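In what follows, a structure is listed as structure tokens, so that the remarks can point back to it.
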Amino acid sequence: MAQLSEREFIDKLRFEKYDTEQAKAEESLYLMECIVGSVHWKTGSDLLNLLRNVGTSVQAKMPWETTPCNMVQRVIKIVIDEYNTLRGENQGVEYPSLSQSMLVDPACGDLPKCTEVIPELQDRVLEAIAEQKAEIEQSQELIAAQGVSKIHNDEVIMTCGMCPLVLAFLTKAAKQRKFHVIVAECAPKYDGHPMAKALCTAGIQTTLIQDSAVFPIMSRVNKVIIGTKTVVSNGGIKTFVGAASLASAAKFYSVPLYVCTPTYKFSLMGCEEISHESSTSIIPKGTKFSPSVNTALTKLDYVPPENVTSFITNNRGIAPSYVYRQLSELYHPTSYDL
Amino acid sequence: MPQKENKLDNLCNLLENIILQHGREAPTPGQKPAKVDGATALPPPRAGTQNAVPSTSGGLPASLHSALEAGKDLSKEELERERKARKEAKKARKKGPGKENVEERKETQNSGQGSAPATTVKGSPVKGAPTTPVKGAPTTPVKGAPTTPVKGAPTTPVKGAPTTPVKGAPTTPVKGAPTTPVKGAAAPAIPVKGAAAAATPVKGAVAKPVKVAAAKSATAGAAVPSSILVVDLRYGKESSEQAGVEVAKPAGQDSTAGKSKADLRRERREKQEAQRQAKLALKEQQEEQKKQKDKQVVMEKAKASSKAKATGEGTRKARVRRASSRGSSERKVPLLGHLPQYSPNPPPHQVNSDSIHPAVLTVGLKMKYGVVEGATARVISMLAALKLFISDYRTPESCDLSRDMADKLKPNVDFLHACRPHAIAMDNAIRSVKHKINSIDPLTPEAQAKDELRGAIDEFVGENIILASSTIATHATTLIHDDVLLTFGYSALVCDVVEAVVKEGGKVSVVVADYPHPPSGAAMVQRLDRLGVPTYYRLVTDLSHIMSKVTKVVVEAEAVMMNGAVQAMCGTACLALAAATHHKPFIVLCQTYKFCNIDLTDSLVMNELGDANSMVSCPSQEHQGVLADWRDTQNLNVVRLVYDVTPAGLVTVLVTEQNVLPTSAVPVIIHRKYADILGQD
């Protein structure tokens, strides 16, 4: 495979050449593989700095693209772990994790100094990255496998827009259960339409409704299952436009809201960053507004953790209140502020 | 129209026979109304309103019943004629020997109990008769095709069939399949042959022969009912089609005294055959719908909804068949089967009939195609049309103006409803007009009465709409000063309020939330812009970001329910929810004539389904037309709701022309102002 440079990757991201978050995750892992495989670094610290640069440049240009940053931080953690393991082996029966946690102060905000040159580090890191890749590829199946336990016969499930994970989740469950899905159109992208098409070809009884009908129909719905772009650090989610009103309607009628996310979407980002976009896409065709009329459309909606019931991830379901713990397992504490 | 004449001939002959037989058998008065029902259901199969069929058939039995009872004395000639006809029929039927024998056996079996059930059912057929053909009629095509082979009808028209015959049946095995083909098939045979629907009393009375006959014909797979044969031979010797299944055998009965009963039974069975086959013409479509229904049966409330669906579905089917031959284009959506379905075609009406006033026609079509939108506009245009109707109305001789005008008004109102289901406000307006019509003194001269009525309508509009709107604007200015308002879609009342506030000197900006189907907010934005008010335009799903800047949410209601729930265009509830989440007041503007006595718990109990095709052709270029063939796709439905209901708990305050009220005051106002009108129907 050709070498992928950082710039190319960022350009691809900017021009939205990737269809799904999974593709972004895989590409970013590939980029980092290239970096690790290259000869530009000698010590662990060099490698960490290289990776950190990738992370900061992506974040600076597109703060809402959290998946690549997540992957960067994941790889950083892999590197640090491998380094410590190897150093611990070299030095004997020390418990590397214990010493590591004693020596590192997360508040210092800097990555640990991994100054020793360990030849096996590169191989070990590449192995671990390959494992991570496999995990990403399997995440869709693992999530879909949990569908049967979550969905029961004769239930009415609501979803909004297109998410390949949710689609896999529902189609797998449909093989054993008979249920009904209501798909909201999800303006302005209207990707509810291909979702409805995919669902009905899978043999699921589907109904397409307009977004404004979500509240009226919610009284008949048993569960809401959606996908997301990012899971933020407090357990909320940042996702498609319309999720906030969907989630409040679900809360109003006490309908559980499940979010299907693989672990690479868990991000250290906070919920405060919002991105606006001035858009004329919402103006109906054929009408003209005078320039004094302000039209805008946001990119992402924020759903607070109170409205989310559970995250369905690769291995298990986790509650929003547990997200912080998951984050500490995935990422190294010093990399929280890149 | 030669065919019609033949049918009329058949009618007359039928009546004669009825009279003949009525004299022979005392205990079967219930059959005649049924027969007559079927016969009379024939004449108006054209594209009249649905109500034409039930009303005429329902009206006649009463009068004919009395006439028939008077004609108990039979003449010898009539008896002779009948005997001859029966002999001929017997000969013709001898073509299907095997089945005939079985039928004969059946006959002998049932001759014994023939009389008993007939007597016991005296009461029920009379009741059942007017209703069953009525209900049966809409469910089957008026132009039924009698020549289609019997396929195994029993299971198809199970849905929501009226239970009267079943109840009346002395034998329990009737309940399942067997009765249904009979019942449902009642109507098709009627237009086909003009034969009386004596099937009705049969359903209740002679359950066993029905059942056997049905089962036999199903298994036999015979083509055309011999009933056609018999009828033809009896009433005019039209071309006889294949004898096929034998319905009843007079062979063994000719010489016995119970012959007439057997004949009746035979006739009935023949009719059932024809009806069943006509019904099978629809079988394909029904089966498909039934499959869908099977899937959804668990999700829907059991009997009530399925009954409503059956009649609704039947209405839909009948209309479809009259308008054009379409496939399974009208499909019931799960969970929403009880709502009136959308039809892209205007309701069929006669071109030169005088039952629908041209002004009403225009208004109806305008409402259908969305030219006239919104409760207030619809009410005003409808009342204007009714004023013209009143002006053009002339009282016929020896008729009461109030009663006759109410009768003449009905088809107009029904036409409007068929174009587009009434808004609740329209219902209220119609009720008040009817109330006024009823209260006209019969002694007043026509011109004066008409002036009174027109004046009443003007007063209604002036008081309840125009004056009310300006009063509401005044009241609202006490609530709104320097605010950022959030509203939904186009609303004339909100515009009036904003104008009033601006005139008072308040600094108001308005955020218009809108949804693309239909994009009514664009007109609102343009109108507000012309007022000079800073306007923002947002998608209704994108509110969480702008709510921090908004101070008050103001919307106009289409109707307010007795429990305080507010019905408005679909999407308003999103605003209410956003207001509640961000702790902003939610103000609803509504004139009191839109209050109604219904208590709605959620939006799906009473709603309207709009044009789903506008949703399918969505504004996005990428996904446009992905679902273009959604009607043919199995498992897929596209639903567009027109209204939604905001629960009373989310509404902060209600601004009416009487006062600024909390939602708990709604029933008090209804009681005080409208009890006499809204209470009655």
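Residues in the range B:543-575 that are of a type in the set (Gly, Ala, Ser) and under 14 Å from B:Gly489 (Cα atoms) were compared, and the one that is farthest from the other protein chains (Cβ to nearest Cβ) is B:Ala557. With respect to being closer than 19 Å to B:Thr376 by Cα and in contact with a Phe, Trp or Tyr (Cβ under 6 Å, 6 or more places away or on another chain), B:Val560 fits the description.
Taken over the range A:247-258, residues that are within 12 Å of chain B (Cβ to nearest Cβ) and of a type outside the set (Ser, Thr, Tyr) amount to 5. Scanning the range B:363-381 for residues that are of a type in the set (D, E, K, R), more than 15 Å from B:Asn345 (Cβ to Cβ) and part of a helix (DSSP H, G or I) gives B:Lys366, B:Arg378.
Which residue is modelled with the highest pLDDT, if the candidates are limited to the range B:7-33 and must be of a type outside the set (S, T, N, Q) and outside any helix (DSSP H, G or I)?
For the range B:7-33, the residue satisfying everything is B:Glu25.
Summed over the range A:116-129, the residues that are in contact with a helix residue (DSSP H, G or I) (Cβ under 9 Å, 6 or more places away or on another chain) and without any contact (Cβ under 8 Å) to a residue 24 or more places away in the chain give a count of 1. The number of residues in the range A:212-246 being at the interface with chain B (Cβ under 10 Å from one of its Cβ atoms) and hydrophobic (A, V, I, L, M, F, W, C) comes to 11.
With respect to B:Ser402, is the statement that it is within 18 Å of B:Pro445 (Cα to Cα), among the hydroxyl-bearing types (Ser, Thr, Tyr), touching a helix residue (DSSP H, G or I) at 6+ places or on another chain (Cβ under 9 Å) and buried (at least 18 other Cβ atoms within 10 Å of the Cβ) true? Spelling it out, B:Ser402 is indeed within 18 Å of B:Pro445 (Cα to Cα), among the hydroxyl-bearing types (Ser, Thr, Tyr), touching a helix residue (DSSP H, G or I) at 6+ places or on another chain (Cβ under 9 Å) and buried (at least 18 other Cβ atoms within 10 Å of the Cβ). The condition of being at pLDDT 90 or above, under 25 Å from the mean Cα position of the chain (by Cα) and more than 7 Å from chain B (Cβ to nearest Cβ) holds for A:Val183. If you go through the range A:4-53 and keep only what is in contact with a Ser or Thr (Cβ under 8 Å, 6 or more places away or on another chain) and outside any helix (DSSP H, G or I), you end up with just A:Thr43.
The number of residues in the range A:132-154 being over 16 Å from A:Cys260 (Cβ atoms) and either more than 18 Å from the chain's Cα centre (by Cα) or within 14 Å of chain B (Cβ to nearest Cβ) (or both) comes to 3.
Among residues that are of a type in the set (Gly, Ala, Ser) and over 43 Å from the mean Cα position of the chain (by Cα), B:Ala500 is included. Within the range B:474-518, restricting attention to residues that are out of contact with any Leu (no Cβ under 8 Å at 6 or more places or on another chain) and of a type in the set (A, V, I, L, M), the residue that is surrounded by the fewest Cβ atoms within 10 Å (Cβ to Cβ) is B:Ala492. When B:Glu622 is tested against (1) acidic (Asp, Glu); (2) within 30 Å of the chain's Cα centre (by Cα); (3) within 8 Å of chain A (Cβ to nearest Cβ), exactly one condition is not met: (2). Being of a type in the set (A, V, I, L, M) and modelled with pLDDT of 75 or more is the filter here; which residues of the range B:72-88 pass it? B:Leu79, B:Ala85, listed by residue number. Number of residues in the range A:279-338 that are of a type in the set (A, V, I, L, M, F, W, C) and assigned to a helix (DSSP H, G or I) equals 3. The residues of the range A:175-211 that are over 14 Å from A:Gly161 (Cα atoms) and crowded, with 24+ Cβ neighbours inside 10 Å amount to a single one, A:His180. Pairing each residue of the range A:138-151 that is under 23 Å from A:Asn222 (Cα atoms) with any residue that is outside any helix (DSSP H, G or I) and charged (D, E, K, R), provided the two are 6+ apart or on different chains, yields C-beta distances under 7 Å for A:Val148/A:Arg177; A:Ile151/A:Arg177. Among the residues that make up the range B:600-613, is at least one of them of a type in the set (Asp, Glu), over 23 Å from the mean Cα position of the chain (by Cα) and more than 8 Å from every other protein chain (Cβ to nearest Cβ)? No: the range B:600-613 contains no residue that is of a type in the set (Asp, Glu), over 23 Å from the mean Cα position of the chain (by Cα) and more than 8 Å from every other protein chain (Cβ to nearest Cβ). Of all residues in the range B:664-681, exactly one satisfies the criterion of being at pLDDT below 90 and among the hydroxyl-bearing types (Ser, Thr, Tyr), namely B:Tyr674. With respect to B:Thr471, is the statement that it is more than 26 Å from B:Lys366 (Cα to Cα), out of contact with any strand residue (DSSP E or B) (no Cβ under 8 Å at 6 or more places or on another chain) and touching a residue at least 60 places away in the same chain (Cβ under 8 Å) true? Criteria met by B:Thr471. Would the range B:560-578 turn up any residue that is surrounded by fewer than 20 Cβ atoms within 10 Å (Cβ to Cβ), closer than 21 Å to B:Ser470 by Cβ and either free of Cβ contacts under 8 Å to residues at least 12 places away in the same chain or among the hydrophobic types (A, V, I, L, M, F, W, C) (or both)? No, the range B:560-578 contains no residue that is surrounded by fewer than 20 Cβ atoms within 10 Å (Cβ to Cβ), closer than 21 Å to B:Ser470 by Cβ and either free of Cβ contacts under 8 Å to residues at least 12 places away in the same chain or among the hydrophobic types (A, V, I, L, M, F, W, C) (or both). Residues of the range A:196-211 that are within 7 Å of chain B (Cβ to nearest Cβ) and hydroxyl-bearing (Ser, Thr, Tyr): A:Thr206, A:Thr207.
The values are calculated or read from the model by the stated rules, or taken from the named source; none is laboratory data. These figures come from a predicted structure and were not determined experimentally. Positions of Cβ are backbone-derived with ideal geometry, glycine not excepted, and every protein chain shown enters the neighbour counts.
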